[in-house]
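Visitor: Got a structure for you, written out below as structure tokens; questions coming shortly.
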Amino acid sequence: MQTDIISQQGTRQQFDVIVIGSGIAALSYILELTQLNPNLKIALLTKITLVDSNTYYAQGGIAAVFNAEDTVNQHVKDTLQAGDGLCNQQAVNAILEQGRASIEFLQNNGVLFDRSESGELSRGREAGHSERRIYHCGDQTGAFIASALISQIKKQKAVTIFEQYTAINLITNDLQHQPGSVTEVVGLYALANVTGLIHTFLANVVVLATGGAGKVYRYTTNPDVATGDGVAMAYRAGARVGNMEFYQFHPTLLYHPKINNFLISEALRGEGAYLRLANTGERFMQRYAPQAMELATRDIVARAIFSEIEQSDYDFVCLDIRHKDKQFLQQRFPIIYQTLLNLGLDLSKDLIPVVPAAHYLCGGVLTDTSGRTDLARLYAIGEVAFTGLHGANRLASNSLLEGIVMGRNAAQASREWVTKKLQLQNNIQDWKTTSVIDTRRSIQINAHWRGLRGEMSAYAGIIRTEAGLQDLLRLVSLRRNMIEKYYWDHLITRDLIELRNISLVAELIVKSALRRHESRGNHFREDYPQAETQPEVSLARASHLIGDNHYEYEQFYNINLHT
Ligand SMILES: Cc1cc2nc3c(=O)[nH]c(=O)nc-3n(C[C@H](O)[C@H](O)[C@H](O)COP(=O)(O)OP(=O)(O)OC[C@H]3O[C@@H](n4cnc5c(N)ncnc54)[C@H](O)[C@@H]3O)c2cc1C
């Protein structure tokens, strides 16, 4: 056993704006802001490299109305239908109206979408969409978008890029949280992963663009960076978070011992793939959605697969697109085709084993469509934010669009704040605590990763009950207390920051799921199978005045944010 004591205190830097994250929301924000004001000092912090994001892995495409046969109204209708009564219609309209402008924004920044032989933009179809309106770059849309936007960002002199930096906590100027006072966010602490030093970053505006939290669950389509850090940071600073019980599960993650987060895009079902039982080969979707079948919304398909797996001796079901032409499959799904082939599976000949997996966080930090939060100078954009666009269930491919729209809107909304100098009302401290290095304890604490994720999948996954959630709450709270205690005097590492955050996000999900006595969208309670007639959003705030945390239901987005 090795125990040492060290200081992790780093340096202090000041910027006009600090953006945490390098996905579509962060990149869109920075590109828009530098257009508005090229003379700013902007920092972009990202946890690993610029391409480590959910954005980079997006396959299917981006939903937008760009074609005369389609209408924004129809897109709105499809989105509301998927959202199952919990969408904020104002937000839906405001975001979907900007579909065309967003595609143009991407094109202007160098994204080349697929075109048909006649030269028109190709339009894919995905579940829940009544029209073909998914614009794509093969099955690597996210990678093309991320690469194009990153190369634009790298040209911006105003932007300093910090890769391998993990944001830990927001710094506020109102540590006492006095009644009636407005909390201002004035910066953050971030760990330099490589040196282990914790630096102080101060800024006039902080933008959270930290993406989702798929790693809260055992199976996820998300890359390793998706640990809900933004939600946890904002919550700890006193911002409201909402609708955390609505985690969308993607029905078809590849089930394979060699790869643990490879998504088989919904576009396969859009192009006609069937779902079959692993043992008999029977198609089963007619028992769950006789009309939409495999193109039913994700919650319905994921629950159907989950139920079938529960009733069978197999841990997976199969996707079958063998009836399509091999050349078509190779052309339309080049990466999926090749990745599977490398694993010995030929999409044109073999059944593909799949399981449902945590995919998208519909809730998050409460914001408007410009990313304003409860806290002054703090914006949250993209998947970390909860605007109400997705309601209880996200319509496929609406999230890349939301990232662009929010990024660009937030740039407009924050343009005055970014030059307003901070009134520092307290003495901001640099990171002072000393850290104990204890190798045996760090191995033990890391064991919580596996335990927590497994428990979340078993009790707060696709099918939930009161008894299961109550048991889970005890388990998660116990783990969270242990992790929190360890955190305060041990060496801060990226692993520890993430573990602390997933345990908090897990607790928020469980508490929100316990309070919702109904089934709606992605939240299915076996003991409350019906939807309530008066749907409400659930909100949680870590209240420093009234105890640990505070939950409330709010009737439909009647919500005041900081302006
Ligand atoms: C496999 C897959 C396929 C998908 N397919 C589609 C699709 O076809 N269409 C669609 O619309 N949506 C799709 N989605 C969803 C979509 O990709 C995401 O919702 C969207 O990209 C989120 O963008 P974002 O900018 O909010 O966050 P992200 O792209 O996830 O970026 C978050 C960034 O924050 C960084 N970060 C996180 N925490 C910290 C921290 N503490 N410190 C520093 N940096 C931090 C991360 O490293 C990352 O750079 C898919 C998602 C996945 C996982």
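The values are calculated or read from the model by the stated rules, or taken from the named source; none is laboratory data. These numbers were taken from a predicted model, which means no experiment stands behind them. Note that each Cβ is placed from the backbone with ideal geometry, even for glycine, and that neighbours are counted across all protein chains shown. We work out accessible area using only protein heavy atoms, side chains counted, and drop any ligands, DNA or RNA first. Shrake-Rupley method; radii C 1.70, N 1.55, O 1.52, S 1.80 Å.
Visitor: Each residue of segment 69-77 in turn: what ³J(HN,Hα) in whole Hz from Karplus with 6.51, -1.76, 1.60 and θ = phi - 60°, glycine and Pro shown as x?
Guide: Each residue's phi maps through the Karplus curve to give 6, 10, 9, 4, 4, 5, 5, 4, 4 Hz.
Visitor: If I take R0 = 25 Å and measure r between the Cβ atoms of GLN412 and LYS155 in this structure, what FRET efficiency does the formula 1/(1 + (r/R0)^6) give, to the nearest 0.05?
Guide: On the way: r = 21 Å, r/R0 = 0.86.
Once rounded, the FRET efficiency stands at 0.70.
Visitor: From Cα coordinates alone, what are the radius of gyration and Dmax values for segment 450-497 in angstrom?
Guide: According to the Cα coordinates of segment 450-497, Rg and Dmax are 12.9, 38 Å.
Visitor: Non-local amide H neighbours of ILE168 (under 5 Å, H modeled in plane, Pro and chain starts lacking H): which ones?
Guide: So ILE168 has HN proximity to TYR189, ALA190, LEU191.
Visitor: Let me ask another. Quote the Stokes-Einstein diffusion coefficient, in whole µm² s⁻¹, for segment 250-358, based on the Kirkwood radius over alpha carbon pairs, a temperature of 10 °C and a viscosity of 1.306 mPa s.
Guide: It diffuses with D of about 115 µm²/s by this estimate.
Visitor: Quick one: in segment 3-112, what % of C-alpha pairs are over 25 Å apart?
Guide: 44
Visitor: I need the phi-derived Karplus couplings for segment 480-486: 6.51 cos²θ - 1.76 cosθ + 1.60, θ = phi - 60°, integer Hz, Gly and Pro marked x.
Guide: 4, 4, 5, 5, 4, 4, 5
Visitor: Under the Kirkwood approximation for Rh and a Cα-based Rg, what ratio Rg/Rh is obtained for segment 405-563?
Guide: Values: Rg = 19.8 Å, Rh = 19.0 Å.
With Rg and the Kirkwood Rh in hand, the quotient comes to 1.04.
Visitor: For the full complex of protein chains and a 1.4 angstrom probe, list GLU526, GLU163 by accessible area with the highest value first.
Guide: Numbers: GLU526 115, GLU163 80 Å².
In descending accessible area the options line up as GLU526, GLU163.
Visitor: Let me ask something else. Based on the Cβ-Cβ distance of THR433 and GLU526, what FRET efficiency does E = 1/(1 + (r/R0)^6) give at R0 = 41 Å, to the nearest 0.05? Provide the component values of the computation, followed by the final result.
Guide: Values: r = 45 Å, r/R0 = 1.09.
That pair, THR433 with GLU526, gives E of 0.35.
Visitor: If packing is taken as the average count of other Cβ atoms within 10 Å, what order do 61-67, 47-53, 10-16 fall into, highest mean first?
Guide: Details: 61-67: 24.3, 47-53: 21.4, 10-16: 16.7.
Highest-to-lowest ranking by the protection proxy: 61-67, 47-53, 10-16.
Visitor: List the residues whose amide H sits under 5 Å from the amide H of PHE262, counting only those 5 or more places along or on another chain, with H placed 1.01 Å from N in the peptide plane.
Guide: Sorted by chain and number, the residues that satisfy this are LEU254.
Visitor: Here is a follow-up. Can you compute the helix-only [θ] at 222 nm over the chain? Use -39500 (n - 2.57) per DSSP H run of at least 4 residues, normalise by all residues, nearest 500 deg cm²/dmol.
Guide: Working: 15 runs with 187 residues, N = 563.
Helices in the chain give a 222 nm mean residue ellipticity of -10500 deg cm²/dmol.
Visitor: Which order do the peptides 475-482, 204-211 come out in when sorted by mean C-beta neighbours inside 10 angstrom, highest first?
Guide: In descending order of packing, they fall as 204-211, 475-482.
Visitor: While we're on this one: Could you give the length gained by full extension between ARG450 and THR71, i.e. 0.36 nm per residue of separation minus their alpha carbon distance, to one decimal place?
Guide: 131.9 nm
Visitor: Next question, about the same structure. Give the accessible area for TRP488 in Å² (nearest 10); use a 1.4 Å probe, count only protein heavy atoms, and leave out ligands, DNA and RNA.
Guide: 140
Visitor: Once each part is reduced to its C-alpha centroid, what is the distance from segment 341-369 to segment 89-168 in angstrom?
Guide: That distance is 19 Å.
Visitor: Over the chain, what percent of the accessible surface lies on carbon and sulfur atoms, probe 1.4 Å?
Guide: 47
Visitor: Specify the angular offset, from 0 to 90 degrees and rounded to the nearest 10, of the alpha carbon long axis of helix 298-311 from the longest principal axis of the alpha carbons in the chain.
Guide: 70
Visitor: Which entries of LYS157/LYS420; LYS154/LYS326; LYS215/LYS258; LYS258/LYS326; LYS77/LYS511 have Cα-Cα distances beyond 29 Å here? Before the final figure, lay out the partial values.
Guide: Numbers: LYS157/LYS420 21 Å; LYS154/LYS326 39 Å; LYS215/LYS258 18 Å; LYS258/LYS326 24 Å; LYS77/LYS511 31 Å.
As for pairs spanning more than 29 Å Cα to Cα, those are LYS154/LYS326; LYS77/LYS511.
Visitor: Name the residues whose placed amide hydrogens come within less than 5 Å of the amide hydrogen of LEU50, ignoring near sequence neighbours (fewer than 5 apart) on the same chain.
Guide: Amide H neighbours of LEU50, under 5 Å, 5+ apart: none.
Visitor: Related question: Summing +1 for each Lys or Arg and -1 for each Asp or Glu, what net charge is found among the other residues whose Cβ lies under 13 Å from the Cβ of SER7?
Guide: Taking every Cβ under 13 Å from that of SER7, the sum is -2.
Visitor: In degrees, nearest 10, range 0 to 90: what is the angle between the Cα axis of helix 398-413 and the longest Cα principal axis of the chain?
Guide: 30
Visitor: A further question on this structure: Given the peptides 221-233, 437-449, arrange them by the average over their residues of other C-beta atoms within 10 Å, most packed first.
Guide: Descending packing order for the listed peptides: 221-233, 437-449.
Visitor: Given a 1.4 Å probe and the protein chains all in place, what does the accessible area of CYS362 round to, in Å² to the nearest 10?
Guide: Estimated to the nearest 10 Å², CYS362 gives 0 Å².
Visitor: Applying the Karplus parametrisation 6.51 cos²θ - 1.76 cosθ + 1.60 with θ = phi - 60° to the phi angles of segment 491-496, what ³J(HN,Hα) value in whole Hz is obtained for each residue in order, glycine and proline being reported as x?
Guide: For segment 491-496, the Karplus curve yields 4, 7, 10, 4, 4, 5 Hz.
Visitor: Ok, one more. At a Förster radius of 35 Å, what calculated FRET efficiency corresponds to the Cβ-Cβ distance of SER116 and THR49, to the nearest 0.05?
Guide: Values: r = 34 Å, r/R0 = 0.98.
E between SER116 and THR49, to the nearest 0.05, is 0.55.
Visitor: Could I ask something else about it? Quick check: the angle from helix 24-36's long axis to the longest principal axis of the chain, C-alpha only, nearest 10 degrees?
Guide: Tilt relative to the chain: about 60 degrees.
Visitor: Of the beta bridges DSSP finds with both residues in the chain, what % are antiparallel, to the nearest 5?
Guide: 65
Visitor: With just the Cα atoms of the chain, tell me how far they stretch along each of the three principal axes, in Å, largest first.
Guide: If we take the Cα atoms of the chain, the spans are 66, 51, 49 Å.
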